[in-house]
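Written out below as structure tokens is the structure these notes cover.
Each value in this text was obtained by applying a stated rule to the coordinates, not by laboratory testing. Here the structure is a predicted model, which is why all the values come from computation and not from measurement. FYI the Cβ positions are ideal-geometry reconstructions off the backbone, even for glycines, and counts take in every protein chain you see.
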Amino acid sequence: MMAQPPELFSSPQALLMYLLLFILLLLLLRYLACTTRSSRSHGRLPPSPPKLPFIGHLHLVGSHPHVSLAGLSEKHAADGLMLLHLGQVRNLVVSSTRAAEAVLRTHDHVFASRPHSLVVDVIFSGASDVAFAPYGEHWRQARKIITGHLLSAKKVASLCAAREEEARLVVAKLRQARGPVDLSGMLFAFSNDIVCRAMAGKFFRAEGRNDVFRELIHMNVAALGGFNLENCFPSLGNMSMLRRPVLGKLERLKKKWHDLLDQIIDEHAASNSSSLDQDQERDFVDALLSLQHDYDLTRENIKTILMEMFGAATDTSYVVIEYVLCELLRNPHLMTKLQAEVRGKTPSTQETVKEADLSSMPYLKAVIKETLRLHPPAPLLIPHMSIDKCDVNGYTIPAETRTLVNVWALCRDTRSWEYADEFMPERFMDAEAVDFKGRDFQFLPFGAGRRICPGINFGIATVEIMLANLLHCFDWELPDGMHKEDIDMTDVYGLTVRRKEKLFLTPKYVATCV
Ligand code: HEM
């Protein structure tokens with residue numbers, strides 16, 4: 001019998017497989033040609049670990065990017081600079097004090113932009129907010145409004161009575177507890193109520209609106225958070241098949257925000273808020289309405305700024321208070337030391353701590369700083385983006401490079417911190433100690449440079465007053481059968497990082513007032 005010539009494509013499946021392999025080979029060659037060409041044209045790029053075709057270094061990132069990027073930087077970065085390709089997007093990872101200073105101070109003007117995002121475009125009406133807006137005239141104007149009129153030191157001080165009252169309400173609720181309470185939920189509600197009150201004054205509690213705001217903030221955080229597919233493969237965001245369902249969902253979320261904010265703005269306008277001539281008496285809606293003509297603000301602009309403030313202020317402050325409590329429970333001698341300070345410095349005629357008492361509580365401030373060092377709520381800041389090609393410490397960074405400053409790594413770098421992983425608030429008691437105002441590049445929980453958080457005073461005031469009251473009025477016990485070693489510090493990465501487990505504690509009221 002004559003031998004049959006081997007059939008090259010013996011079945012349609014085999015044909016399909018060969019075709020696929022051929023296409024993959026072509027794509028691989030194209031990819032290699034592109035990367036070689038781009039590295040030739042870019043000059044001396046920062047080092048990178050070996051990468052895979054198409055996904056680049058995406059497989060190396062994992063669910064806790066700040067931790068995995070710190071590990072990768074240790075192995076592969078030169079002087080704290082490393083280049084990663086996450087899908088289609090080039091990322092500069094910054095993980096040393098010197099490199100952070102170069103990016104956020106020396107070349108701050110180059111790295112002050114933000115990457116484009118479809119999600120932001122929809123929710124914040126074409127990035128017309130502050131935090132995600134590209135560097136330019138719109139961002140400059142919007143930032144000027146919030147720093148000068150909404151978050152100035154004077155404005156934050158004017159909200160003192162509101163903060164004290166909201167803290168008192170939490171204390172009153174906790175006094176009624178007869179067992180473990182969901183402290184995570186209560187602290188989230190407290191931070192949110194403070195923001196709602198600053199934003200909308202007396203109007204915010206109407207018809208349980210604070211609950212609606214809470215739900216919307218959760219939805220915003222879920223939509224904006226983490227490394228989503230579109231951040232790594234922007235071209236997918238342009239495919240209408242994928243784009244349509246996502247856009248639909250985001251548009252519905254935006255509409256809910258706008259309906260609620262429209263109601264609040266209308267109520268303010270109707271109550272003739274323009275008759276308030278004292279800056280101190282104005283909430284954020286009043287302030288923005290009165291600035292409408294000077295800054296050419298549309299109603300859409302006002303709503304976008306308000307939406308952003310709700311998220312930025314709520315999701316950060318409560319996370320910090322919760323981490324402080326966890327660290328103190330894990331270190332009971334430090335809890336006792338701090339309670340002694342707070343109880344000793346609060347006049348014995350007062351049931352609760354007032355803001356005027358806080359200036360004589362340096363250990364409270366040191367504990368908050370140490371918590372921000374170990375648990376910065378935004379461990380990679382908000383991604384920055386370079387607008388031009390730039391030389392950083394001898395390396396060429398191409399224009400439009402997404403830039404992640406790994407603040408978590410800086411804050412745990414053993415070259416800057418002794419016993420870097422230990423919770424030791426005493427390190428901040430020294431008058432010469434570093435501060436979080438953006439001048440000490442080993443400690444940047446609020447960022448630095450042009451994009452530094454404008455809400456530092458607001459956030460710290462919220463954290464201090466609540467924390468001081470929780471420690472002044474109560475001793476804290478873990479639920480039955482739980483020991484301090486059982487406190488789970490596992491965190492979840494998103495727009496901010498927070499603890500995975502809810503914190504349940506039993507408050508024991510301590511009457512200190514005579
Ligand atoms: C403890 C509380 C807070 C922490 C740890 C925190 C942290 C941060 C960080 C790390 C950034 C990014 C900086 C960068 O990308 O370089 C940021 C930006 C921002 N934060 Fe905060 N924040 C806090 C509270 C607040 C509050 C209370 C507000 C407003 C009421 C606020 C409003 C903003 C805004 C608008 C931006 C964007 C700034 C810009 O892009 O120009 N933050 N914050």
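Under 8 Å for C-alpha pairs, at least 6 residues apart: give me the relative contact order for the range 360-440, rounded to a whole percent.
The value is 34 percent.
Relative to the Cα centre, what is the charge dipole magnitude of the range 40-509, using +1 at the beta carbon of each Lys and Arg, -1 at the beta carbon of each Asp and Glu, and rounding to the nearest 20 debye?
Value, rounded to 20: 940 debye.
State, to one decimal in nm², a quarter of the convex hull surface area for the C-alpha atoms of the range 40-509, i.e. the direction-averaged projected area.
Values: hull surface 93.9 nm².
Averaged projected area of the range 40-509's Cα convex hull equals 23.5 nm².
Run the helix sum for the chain: -39,500 (n - 2.57) per DSSP H stretch of 4+ residues, divided by residue count, reported at 222 nm to the nearest 500 deg cm²/dmol.
Roughly -15500 deg cm²/dmol at 222 nm, from the helical runs in the chain.
Can you pull the percent of Cα pairs in the range 98-170 with separation above 16 Å?
66 percent
Which order results if MET361, MET482, MET219 are arranged by neighbouring Cβ count within 10 Å, fewest first?
Fewest-to-most Cβ neighbours within 10 Å comes out as MET482, MET219, MET361.
Lys/Arg Cβ at +1, Asp/Glu Cβ at -1, dipole of the chain taken about the Cα centre: which of VAL407, VAL89, THR506 is farthest positive-ward?
VAL89
Find me the longest stretch of the chain that has none of the exposed trypsin sites (Lys or Arg not before Pro), where exposed means in a DSSP loop (not H, G, I, E or B) with at most 16 other Cβ atoms within 10 Å.
Result for the longest clean stretch: 206-388.
Which one, ALA269, ILE368, PRO49, is farthest towards the positive end of the dipole of the chain when Lys and Arg carry +1 and Asp and Glu -1 on their Cβ?
It is PRO49.
In the range 403-449, what chymotrypsin sites (Phe, Trp or Tyr not before Pro) fall in a loop by DSSP, with at most 11 other Cβ atoms inside 10 Å?
When the chymotrypsin sites (Phe, Trp or Tyr not before Pro) of the range 403-449 are filtered for loop state and at most 11 Cβ neighbours within 10 Å, TYR419 remain.
Could you put ASP108, ASP480 in order, starting from the residue whose Cβ has the fewest other Cβ atoms within 10 Å?
Taking fewest neighbouring Cβ atoms as first place, the list is ASP480, ASP108.
Can you give me the relative contact order of the range 40-509 as a percent, contacts being Cα pairs under 8 Å and 6 or more apart? Walk me through the intermediate numbers first.
Working: 691 pairs, mean separation 121.1, N = 470.
This gives 26 percent for the range 40-509.
For the range 409-514, build the charge dipole from Cβ charges (+1 Lys, Arg; -1 Asp, Glu) around the Cα centre, then report which of MET429, LEU471, GLY459 sits farthest towards its positive end.
GLY459
Provide the net charge surrounding ARG402, with neighbours chosen by a C-beta distance below 11 Å and charges set as Lys +1, Arg +1, Asp -1, Glu -1.
+1
Could you pull out every one of the lysines with an alpha carbon less than 29 Å from that of LYS508, ignoring same-chain neighbours closer than 8 positions?
Within the straight-line limit of under 29 Å, LYS508 reaches these lysines: LYS173, LYS337, LYS345, LYS354, LYS365, LYS369, LYS484, LYS500.
Aspartates and glutamates within cross-link reach of LYS389: Cα-Cα under 15 Å, excluding same-chain residues under 8 positions apart?
Within the straight-line cut-off, LYS389 pairs with ASP108, GLU400.
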